[in-house]
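Q: Take this structure, written in structure tokens, and hold onto it; I'll ask about it next.
The values are calculated or read from the model by the stated rules, or taken from the named source; none is laboratory data. Not measured: the values here are computed from a predicted model. All Cβ positions, glycine included, derive from the backbone under ideal geometry; neighbour counts span all protein chains shown.
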Amino acid sequence: MAYKTPGVYIVEKNAFPNSVVEVATAVPVFVGHTERADNRGKSLTNKPWRISSLAEFHQYFGAGPAARFNIEKKADGSLADSAFTLNGSEYLVSQPDGPDGGRYLLYYGMLHFFQNGGGPCYIVSVGDYTKPLDPDLLRAGILQLVKEQEPTIVVIPDAVLLTEPACIAVQQEALAHCGGKMRNRIAILDVWGGYKPRTDPDGDVVEQFRNDLGKNYLDFAAAYYPWVNTSLVQDKNLSYDNVINKDELIARIKEELGLPDAAPADATTRVKQTIEAIDNIAKDWSADKSLSAADIAVEKALVDKTLRTISNVYNAVLADIRSKLNLLPPSPAMAGVYTMVDGSRGVWKAPANVSLAGVVSPAVNISHDEQEDLNVTAQGKSINAIRSFIGEGVLVWGARTLDGNSLDWRYVNVRRTMIMLEESCRLAAKAMVFEPNVANTWVTIKSMISNFLASIWKRGGLAGAVPDDAFSVHVGLGETMTPEDILEGIMRVTVLVAISRPAEFIEITFQQQMQKS
């Protein structure tokens with residue numbers, strides 16, 4: 001400052017270096033179909049949109065799909081589980097794919113995400129419930145995430161509804177996005193057909209997943225097996241409106257009760273009322289202009305209550321529908337677990353040995369011996385198990401990435417902690433761009449990163465008895481840079497960190513000793 005006029009001048013100097021702000025670590029992005037995608041008339045289709053609660057999801061993306069099922073006679077030789085047996089014949093309840101059956105998983109995934117501790121997240125709606133499932137739509141939705149820096153987890157629950165090759169193609173796109181383009185987020189993948197046991201006659205779904213997924217960017221993804229039976233859909237959420245071929249339902253209920261198609265003239269009042277209630281399943285209530293919407297709801301509820309009271313077939317159909325709707329892939333729930341663990345313990349805590357909320361049981365029970373091949377394989381593609389333990393409930397029993405043979409990136413928390421450290425330091429160092437590449441700047445950036453890492457070490461994120469054992473920061477001429485680097489405008493900073501790793505295997509040794517008294 002040049003002084004030209006006599007007087008007193010105040011000069012302020014910064015006493016402290018800039019600080020590094022820890023970036024958010026658990027901000028999932030969900031890609032899939034929604035009822036709508038609208039913000040006050042402005043379309044949100046294929047636009048990442050941030051929400052923080054289920055109420056906001058309902059505001060911008062609507063409610064869940066209207067699930068619809070068919071009742072059909074079981075074919076000879078079919079291995080599918082029957083919904084009910086009537087007069088020696090077995091009947092199945094099946095849900096058509098796509099719009100016909102309302103078969104979409106994103107909405108149920110959001111329910112499970114928030115039930116397991118989920119918080120702020122992004123939604124990418126690739127279409128409404130009138131559009132069929134298409135891998136190209138899901139892949140296009142992933143491509144929209146390139147411009148978003150905040151998301152740290154990518155989840156695509158609708159992918160498992162595609163054919164197996166199409167599902168793998170979408171998952172490979174997610175891997176390429178996370179590990180190839182962005183490198184600041186991971187993908188949580190589901191095993192296609194993960195509700196089947198590994199001894200299924202159609203083949204081992206885990207081996208098929210491992211063989212088809214490839215080997216690129218495996219350290220930026222984690223996979224979980226099996227799927228889970230949840231309690232999200234309750235009996236009160238279902239009725240005969242969830243059945244497509246209502247005439248078949250009417251016929252089967254009448255067959256069960258031994259009722260004729262129409263009430264004879266000499267039938268008792270109770271028989272007439274029963275037949276009328278059953279026939280009302282197929283009634284077009286909206287055609288009755290004398291009834292308001294509230295009146296129609298009351299009448300439908302009365303018919304539903306009557307059918308639940310008199311018909312075992314009706315109850316069996318609804319129970320099977322509920323069971324099928326509650327069978328979900330675990331990736332949305334795991335995104336909620338990541339969020340919950342990050343908030344309570346920190347990103348460096350492995351998201352394992354944690355119970356899953358809203359889960360009744362895993363779709364496949366896995367024993368200790370059966371998990372050995374899931375956790376450790378020659379190919380290194382570790383699959384994290386979801387297991388049921390007596391007295392503890394359903395627990396996440398694994399914390400590995402798909403790159404299970406890598407000593408660097410074997411664990412999910414190590415990869416995610418490193419992403420957090422890298423992104424935090426990168427964003428903080430932007431303040432030093434175009435600063436003089438001299439010793440004063442080097443000291444400033446070194447102290448800035450060192451202070452940040454020291455705070456992480458104090459919270460348990462880095463291993464070491466003292467800070468010098470936990471991390472070190474190097475920058476300077478002759479240490480990380482050459483004179484040519486300085487002439488070319490390059491500042492090189494080297495950061496070494498010792499990230500804490502989980503105690504995955506605990507060995508307790510017992511030995512006898514001599515009696516001393």
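Q: Scan ASP369, ASP373, ASP403, ASP342 and give me the residue that is of a type in the set (D, E, K, R), in contact with a Phe, Trp or Tyr (Cβ under 7 Å, 6 or more places away or on another chain) and not in a strand (DSSP E or B).
A: Working: ASP369 fails: in contact with a Phe, Trp or Tyr (Cβ under 7 Å, 6 or more places away or on another chain); ASP373 fails: in contact with a Phe, Trp or Tyr (Cβ under 7 Å, 6 or more places away or on another chain); ASP342 fails: in contact with a Phe, Trp or Tyr (Cβ under 7 Å, 6 or more places away or on another chain).
Result: ASP403 is the single residue among ASP369, ASP373, ASP403, ASP342 that is of a type in the set (D, E, K, R), in contact with a Phe, Trp or Tyr (Cβ under 7 Å, 6 or more places away or on another chain) and not in a strand (DSSP E or B).
Q: I've got another one for you. Of the numbered conditions (1) surrounded by 13 or more Cβ atoms within 10 Å (Cβ to Cβ); (2) under 39 Å from the mean Cα position of the chain (by Cα); (3) not hydroxyl-bearing (Ser, Thr, Tyr), ARG459 satisfies every one except a single condition; which is it?
A: So ARG459 meets the others, but not (1).
Q: Can you tell which of GLY336, GLY258 is within 30 Å of TYR122 (Cβ to Cβ) and not hydroxyl-bearing (Ser, Thr, Tyr)?
A: GLY336
Q: Just give me the residues in segment 218-241 being surrounded by 22 or more Cβ atoms within 10 Å (Cβ to Cβ) and either more than 21 Å from the chain's Cα centre (by Cα) or not in a helix (DSSP H, G or I) (or both), in sequence order.
A: Within segment 218-241, ALA221, ALA222, ALA223, TYR224, TYR225, PRO226, TRP227, VAL228, THR230 qualify.
Q: Moving on. Of the residues GLY404, GLY464, which single one is surrounded by 14 or more Cβ atoms within 10 Å (Cβ to Cβ) and either of a type in the set (A, V, I, L, M) or under 26 Å from ASN184 (Cβ atoms) (or both)?
A: Being surrounded by 14 or more Cβ atoms within 10 Å (Cβ to Cβ) and either of a type in the set (A, V, I, L, M) or under 26 Å from ASN184 (Cβ atoms) (or both) holds for just one of GLY404, GLY464, which is GLY404.
Q: Anything in segment 405-428 that is touching a helix residue (DSSP H, G or I) at 6+ places or on another chain (Cβ under 8 Å) and over 13 Å from PHE220 (Cβ atoms)? List them, or say none.
A: LEU421, SER424, CYS425, ALA428
Q: Further, regarding this structure: Can VAL170 be described as under 19 Å from the mean Cα position of the chain (by Cα), among the β-branched types (Val, Ile, Thr) and under 24 Å from ASN365 (Cα atoms)?
A: So VAL170 does not fit the description; no.
Q: Return a yes/no flag: does segment 173-184 have any residue that is surrounded by fewer than 16 Cβ atoms within 10 Å (Cβ to Cβ), part of a loop (DSSP other than H, G, I, E, B) and of a type in the set (Lys, Arg). So that I can check it myself, show each step before the final result.
A: Of segment 173-184, the ones surrounded by fewer than 16 Cβ atoms within 10 Å (Cβ to Cβ) are 180-181, 183.
Now narrow it down to the ones that are part of a loop (DSSP other than H, G, I, E, B): 183.
Within this subset, residues satisfying the condition of being of a type in the set (Lys, Arg) are 183.
Taking every residue of segment 173-184 in turn, at least one turns out to be surrounded by fewer than 16 Cβ atoms within 10 Å (Cβ to Cβ), part of a loop (DSSP other than H, G, I, E, B) and of a type in the set (Lys, Arg).
Residues checked against (1) within 19 Å of the chain's Cα centre (by Cα); (2) part of a loop (DSSP other than H, G, I, E, B):
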residue	(1), (2)
GLY7	no, yes
VAL23	no, yes
THR34	yes, yes
GLY77	no, yes
GLU90	no, no
GLY118	yes, yes
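Q: Go through (1) part of a loop (DSSP other than H, G, I, E, B); (2) under 17 Å from ALA503 (Cα atoms); (3) without any contact (Cβ under 8 Å) to a residue 40 or more places away in the chain for GLY391 and report which single condition fails.
A: (2)
Q: Considering only residues that are closer than 21 Å to TRP457 by Cα and in a loop (DSSP other than H, G, I, E, B), look in segment 480-503 and name the one that is farthest from the chain's Cα centre (by Cα).
A: Ranking the qualifying residues of segment 480-503, first place goes to ALA498.
Q: Restricting attention to segment 1-24, and to residues there that are under 25 Å from ASN440 (Cα atoms) and of a type in the set (A, V, I, L, M, F, W, C), which single residue is surrounded by the most Cβ atoms within 10 Å (Cβ to Cβ)?
A: VAL20
Q: Can you name every one of the helices (runs of 4 or more DSSP H) wholly within segment 253-332 that holds 3 or more residues which are surrounded by 14 or more Cβ atoms within 10 Å (Cβ to Cβ) and touching a Gly at 6+ places or on another chain (Cβ under 8 Å)? Please lay out each step first, then the result.
A: Values: elements: 269-279, 293-310, 312-325.
Once the helices (runs of 4 or more DSSP H) in segment 253-332 are filtered for at least 3 residues that are surrounded by 14 or more Cβ atoms within 10 Å (Cβ to Cβ) and touching a Gly at 6+ places or on another chain (Cβ under 8 Å), nothing remains.
Q: I'm told TYR108 meets every condition in (1) outside the structural domain of PRO332 (by TED's automatic domain parsing); (2) not in a strand (DSSP E or B) except one. Can you identify the failing condition by its number?
A: With (1) outside the structural domain of PRO332 (by TED's automatic domain parsing); (2) not in a strand (DSSP E or B) applied to TYR108, the lone miss is (1).
Per-residue answers, yes or no, for (1) at pLDDT below 95; (2) polar (S, T, N, Q):
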| position | (1), (2) |
| --- | --- |
| SER367 | yes, yes |
| GLN371 | yes, yes |
| ILE386 | no, no |
| ASP403 | yes, no |
| SER406 | yes, yes |
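Q: Return the total of residues in segment 292-339 being out of contact with any helix residue (DSSP H, G or I) (no Cβ under 7 Å at 6 or more places or on another chain) and among the aromatic types (Phe, Trp, Tyr).
A: 1
Q: Something else: Taking segment 39-63 on its own, how many of its residues are free of Cβ contacts under 8 Å to residues at least 24 places away in the same chain and in a strand (DSSP E or B)?
A: Of the residues in segment 39-63, the ones free of Cβ contacts under 8 Å to residues at least 24 places away in the same chain are 39-43, 55-56, 58-59.
Filter again for in a strand (DSSP E or B), leaving 39, 42-43.
Here the count works out to 3.
Q: Between VAL146, VAL124, VAL160, which is surrounded by 18 or more Cβ atoms within 10 Å (Cβ to Cβ) and either part of a strand (DSSP E or B) or in contact with a Lys or Arg (Cβ under 7 Å, 6 or more places away or on another chain) (or both)? So that I can check it myself, show each step before the final result.
A: Values: VAL146 fails: surrounded by 18 or more Cβ atoms within 10 Å (Cβ to Cβ); VAL160 fails: either part of a strand (DSSP E or B) or in contact with a Lys or Arg (Cβ under 7 Å, 6 or more places away or on another chain) (or both).
Residue meeting the stated conditions: VAL124.
Q: Additional query: For the structure I just gave you, tell me whether SER424 is outside any helix (DSSP H, G or I), touching a residue at least 40 places away in the same chain (Cβ under 8 Å), outside the structural domain of GLU370 (by TED's automatic domain parsing) and polar (S, T, N, Q).
A: So SER424 fails the test.
Q: Looking at LEU133, is it buried (at least 21 other Cβ atoms within 10 Å of the Cβ), out of contact with any Cys (no Cβ under 8 Å at 6 or more places or on another chain), assigned to a loop (DSSP other than H, G, I, E, B) and of a type in the set (A, V, I, L, M)?
A: yes
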